[in-house]
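Please read the structure below before turning to the comments.
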Amino acid sequence: MENNLPVNIREYQELAKKALPKMHYDYINGGAEDEHTLRDNIAAYGRILLRPRVLVDVSNIDMSTNLLGYDMPSPIIVAPTGSHKLANPEGEVATARAAASCNTLMVLSFSASCKIEEVASSCNAIRFYQLYVFKNRDISATLVRRAESHGFKAIVLTVDTPMLGRREADIRNKMVAPANANLEGLMPIDDLDTADGSKLEKYARDTLDPSLSWKDVEWLKSITSLPILLKGIVTAEDARKAVEAGAAGIIVSNHGARQLDYAPATISALEEAVLRVCV
């Protein structure tokens, strides 16, 4: 058995496909529409070639970096992904502990299957909180206050989801919106039956605010003292606007190719966005 342990992400992916129900595997693994961008997210890395320099002393390698004043051993963090209990009964608590053991930072997803309070009390680690904006702004404001009061160090506002991407696998599977532990007592989710599309799609359509715009960054700044990062930017123009809006930083992301198909691969958009911000 020891010899058969997975050694790379692809092998973990194969194990997950065997272990998870098809609906849940497709939800975690899938992208929007034709999944062109999903494939290109991986293929784009293959177009970047390394230029190795030799006879350099590598006996001591330092990959450490600093993000918003927090030191980390490497520029690798845990990005926000939802519904971890679909794959592990401990959910995001297990993920937080793993991040803490690596001395790295975790961004807790808005759609986490564990409560903000549970994750905050699970370990001593640096945590950011991902936020979506609801039609009912009081719900979003309450989530921000809970994250702030439980020691989260920044708010990561997802800006690329005015509506949910058309994820065809979820539509075929009639994907049910996984339980969002942090919405208990804030918002009832009723009447999710639908004959057209996934139940997850209906949930997003009924609750998330499609009018979200740049003015809402100012609204978010008015309700929290935490730094705000904007997640979902892939163009130089939006990177510059994020700086002008007072964001503490941006996260270049195409949402794992789950939103707009035929958008650029994230790694392909990185240089454009960074150069515009740094100029």
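The values are calculated or read from the model by the stated rules, or taken from the named source; none is laboratory data. Here the structure is a predicted model, which is why all the values come from computation and not from measurement. Glycine also receives a Cβ, built like all others from the backbone with ideal geometry; neighbour counts cover every protein chain displayed.
Of the residues ASP57, ASP71, ASP34, which single one is modelled with pLDDT under 95, among the charged types (D, E, K, R) and more than 19 Å from the chain's Cα centre (by Cα)?
Values: ASP57 fails: modelled with pLDDT under 95; ASP34 fails: modelled with pLDDT under 95.
Only one candidate passes the filter, namely ASP71.
Can you give me the number of residues within the range 215-244 that are more than 15 Å from the chain's Cα centre (by Cα) and under 30 Å from ALA44 (Cα atoms)?
Initial filter on the range 215-244 (more than 15 Å from the chain's Cα centre (by Cα)): 215-227, 235-244.
Now drop any that are not under 30 Å from ALA44 (Cα atoms), which leaves 235-244.
Residues flagged as more than 15 Å from the chain's Cα centre (by Cα) and under 30 Å from ALA44 (Cα atoms) within the range 215-244 amount to 10.
Quick one: is SER149 under 24 Å from THR95 (Cα atoms) and without any contact (Cβ under 8 Å) to a residue 12 or more places away in the chain? Lay out the reasoning, then the answer.
Working: under 24 Å from THR95 (Cα atoms): yes; without any contact (Cβ under 8 Å) to a residue 12 or more places away in the chain: yes.
It is true that SER149 is under 24 Å from THR95 (Cα atoms) and without any contact (Cβ under 8 Å) to a residue 12 or more places away in the chain.
Given the criteria surrounded by fewer than 21 Cβ atoms within 10 Å (Cβ to Cβ), assigned to a helix (DSSP H, G or I) and in contact with a strand residue (DSSP E or B) (Cβ under 9 Å, 6 or more places away or on another chain), does ALA94 qualify? Show your work before the answer.
Values: surrounded by fewer than 21 Cβ atoms within 10 Å (Cβ to Cβ): yes; assigned to a helix (DSSP H, G or I): yes; in contact with a strand residue (DSSP E or B) (Cβ under 9 Å, 6 or more places away or on another chain): no.
So ALA94 does not fit the description; no.
Quick one: what pairs do we get from the range 99-119, first residue touching a residue at least 60 places away in the same chain (Cβ under 8 Å) and closer than 12 Å to LEU143 by Cβ, second in a strand (DSSP E or B) and not aromatic (Phe, Trp, Tyr), C-beta under 8 Å, 6+ apart or different chains?
Close Cβ pairs (under 8 Å, with a partner that is in a strand (DSSP E or B) and not aromatic (Phe, Trp, Tyr)) amount to PHE110/GLN130; PHE110/LEU131; PHE110/THR158; ILE116/LEU108.
Let's see how each residue does on (1) hydrophobic (A, V, I, L, M, F, W, C); (2) modelled with pLDDT under 85:
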| site | (1), (2) |
| --- | --- |
| ILE126 | yes, no |
| LYS135 | no, no |
| VAL144 | yes, no |
| ALA147 | yes, no |
| THR158 | no, no |
| ASP170 | no, no |
| MET187 | yes, yes |
| THR194 | no, yes |
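Starting from the range 209-221, take each residue that is modelled with pLDDT of 95 or more and list its partners that are of a type in the set (D, E, K, R), counting only C-beta distances under 7 angstrom and pairs at least six apart or across chains.
As it stands, the answer is TRP214/LYS241, since those pairs meet every condition given.
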